[in-house]
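The structure under discussion appears below in the form of structure tokens.
The values are calculated or read from the model by the stated rules, or taken from the named source; none is laboratory data. On a predicted model such as this, the values are computed, not experimentally measured, just so you know. Counting neighbours? That spans all protein chains shown, and the Cβs are built from the backbone with ideal geometry, glycine included.
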Amino acid sequence: MPMRLALVLAAGLLGVGVTRAVPQPTAEFYKGRTITIVVGSTPGGTYDLYGRTLARHLGKHVPGEPTVIVQNLAGAGSYLAAQRVSSIAPQDGLTVGSIGAALPYQPIYDPKAPPLDVKRINWLGSIAPYHMFMLVRSDVPVRSVTDLKEHETIQATIAPGQANSLIVAVVNEVFGAKIKGIAGHKSMNDAMLALQRGEVNGYPSMPAEALQRTYLRPLKDGEFRLLLQFGPHQLPEFEEVPWAPALAQTDDDKLLIELATGFLNTGYVYMMGPDVPPERVAVMRKAMMGALADPALLADAKQQTLTVAPINGEKVTELLARATPCPDRDRPNEASICSLQQVTTAACQEHVISRVLTTAMARSCAAASQRGCRTWLVATFGHRFDPARVSSQLMTGVTVTP
């Protein structure tokens, strides 16, 4: 696969091996040094703006007041940036990563996703949770979720397993929509250009900050309309736009929405490698929270229409600990989705068979043999699934176009 080839080439070009740091007094270590924030997206986007805003103010909150710079390393849904921070860069506390919100959840959504050991990574915190909007051009005859059931819409996506593809999958499944996702757009800006040129009808995952910063005028001018919003809660400034979980007709539908959009709760997360000395991790966590409370940073963010609602590193770690294929290897019957949603094993088994795997995970299973798919189910979730039911639900069922 191209993405996997890119990862191999990147590892070869950037070098291999991890340098372990020898601890020394923190202030002495950071003084006169440079901290690099590796942003896993292209320049000019929301992640990049957040990273550069943090970089301008972080240094003065770190003992020794080091210089802080930003490097962009886009690719593989920000996995290249995560790999750079966690296994290529020296583990000395001088490299910080800003990765896509959905990346830690990839093992749940797609068993073939590149590995990311969420539990070993040192999470520094998050600048803010994530809120998203599904939108369509104003000339498209769709004004509501009901209209999405009656009219097929073509929406721009970036890659399978990314937020936009997950939103398409869950809206189709829960609300019976007829959305066709067209993958291959390099970024949100690329997708919005395609929308403005009339190549697609909509975009499923516009970040609230980008909407307010860049696209509020086109919205007010009637160039496009908002259909749904996703996030930890409904944004009061957009109370007229339905919040997707509130439209769910059953608890099962609501559960599926929560699963597909769980990454929005942790939002714009920052990380350090797994072998960074604990005392430096603690210092950087404190420095990040200090910077995010700094009036100068808050004024800077406000000027750019960037939301700041910090989540500390301990809370991010707690939330992301649930985003693993097997939360406890000694208890394989506790599936990831059960742990994530805190439901019973029996309810999880029913839910996985009937709903989740016919949407976000269908592509992986559909590509495998029936025997291979059943084997994967058992290996991943630890359940004794009914083979006949698995076959009827998955192998002849839904294939999601990302």
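Residue-wise test of (1) surrounded by 22 or more Cβ atoms within 10 Å (Cβ to Cβ); (2) of a type in the set (S, T, N, Q).
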| position | (1), (2) |
| --- | --- |
| GLY176 | no, no |
| ASP190 | no, no |
| LEU193 | no, no |
| VAL200 | yes, no |
| SER205 | yes, yes |
| ALA210 | no, no |
| ARG217 | no, no |
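If you go through region 42-65 one residue at a time, do you hit one that is in a loop (DSSP other than H, G, I, E, B), under 25 Å from LEU306 (Cα atoms) and either modelled with pLDDT of 95 or more or in contact with a Pro (Cβ under 6 Å, 6 or more places away or on another chain) (or both)? Yes, because at least one residue in region 42-65 is in a loop (DSSP other than H, G, I, E, B), under 25 Å from LEU306 (Cα atoms) and either modelled with pLDDT of 95 or more or in contact with a Pro (Cβ under 6 Å, 6 or more places away or on another chain) (or both). Residues of region 26-41 being at pLDDT 95 or above and polar (S, T, N, Q), which ones? Answer for region 26-41, where residues must be at pLDDT 95 or above and polar (S, T, N, Q): THR34, THR36. Here VAL142, VAL118, VAL174 are screened, and the one residue that is of a type in the set (A, V, I, L, M, F, W, C), touching a Gly at 6+ places or on another chain (Cβ under 9 Å) and touching a residue at least 24 places away in the same chain (Cβ under 8 Å) is VAL142.
Taking region 178-187 as the range and being among the hydrophobic types (A, V, I, L, M, F, W, C) and either surrounded by fewer than 23 Cβ atoms within 10 Å (Cβ to Cβ) or in contact with a Leu (Cβ under 6 Å, 6 or more places away or on another chain) (or both) as the test, the residues that pass are ILE182, ALA183. In this structure, LYS186 does not qualify as part of a loop (DSSP other than H, G, I, E, B) and under 30 Å from ALA293 (Cα atoms).
Comparison of ASN122, ASN172 shows that the only residue that is surrounded by 15 or more Cβ atoms within 10 Å (Cβ to Cβ), polar (S, T, N, Q) and modelled with pLDDT under 90 is ASN172. Based on what the data block shows, is ALA156 in contact with an Asp or Glu (Cβ under 9 Å, 6 or more places away or on another chain) and closer than 24 Å to ALA76 by Cβ? The answer is yes for ALA156.
Conditions (1) crowded, with 16+ Cβ neighbours inside 10 Å; (2) more than 30 Å from VAL145 (Cα to Cα); (3) polar (S, T, N, Q); (4) in contact with a Ser or Thr (Cβ under 6 Å, 6 or more places away or on another chain), marked per residue:
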| residue | (1), (2), (3), (4) |
| --- | --- |
| PRO236 | no, no, no, no |
| ALA248 | yes, no, no, no |
| TYR268 | yes, no, no, yes |
| ASP300 | yes, yes, no, yes |
| GLY313 | yes, yes, no, no |
| VAL316 | yes, yes, no, yes |
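Taking residues in region 226-254 that are under 23 Å from ASN201 (Cβ atoms), and partners anywhere that are among the polar types (S, T, N, Q) and part of a strand (DSSP E or B), the pairs with Cβ atoms closer than 8 Å and at least 6 places apart or on different chains are PHE230/SER205; PHE238/GLN229; VAL241/GLN229; PRO242/GLN229; TRP243/GLN229; ALA244/GLN229. Checked across region 151-160, the condition of being farther than 24 Å from GLU237 by Cβ, in a strand (DSSP E or B) and either without any contact (Cβ under 8 Å) to a residue 24 or more places away in the chain or of a type in the set (Ser, Thr, Tyr) (or both) holds for at least one residue.
If you go through region 85-97 and keep only what is part of a helix (DSSP H, G or I) and crowded, with 24+ Cβ neighbours inside 10 Å, you end up with VAL85, SER86. Where in region 258-323 are there helices (runs of 4 or more DSSP H), lying wholly inside it, with at least 1 residues that are in contact with a strand residue (DSSP E or B) (Cβ under 9 Å, 6 or more places away or on another chain) and on the phi < 0 side of the Ramachandran plot? By residue number, 278-292, 313-320.
Does PHE230 satisfy the condition of being closer than 27 Å to GLY176 by Cα, of a type in the set (A, V, I, L, M, F, W, C), surrounded by 24 or more Cβ atoms within 10 Å (Cβ to Cβ) and touching a Phe, Trp or Tyr at 6+ places or on another chain (Cβ under 6 Å)? Walk me through it before giving the result.
Values: closer than 27 Å to GLY176 by Cα: yes; of a type in the set (A, V, I, L, M, F, W, C): yes; surrounded by 24 or more Cβ atoms within 10 Å (Cβ to Cβ): yes; touching a Phe, Trp or Tyr at 6+ places or on another chain (Cβ under 6 Å): no.
No; evaluated as a whole, the condition is false for this residue.
Going by the structure shown, is ILE167 assigned by TED's automatic domain parsing to the domain that holds ASP221, of a type in the set (Val, Ile, Thr) and within 15 Å of the chain's Cα centre (by Cα)? Steps first, please.
Details: assigned by TED's automatic domain parsing to the domain that holds ASP221: yes; of a type in the set (Val, Ile, Thr): yes; within 15 Å of the chain's Cα centre (by Cα): yes.
Judged against the criteria, ILE167 is a match.
Restricting to region 161-217, count the residues that are aliphatic (A, V, I, L, M) and more than 23 Å from GLN249 (Cβ to Cβ). Number satisfying all stated conditions: 15.
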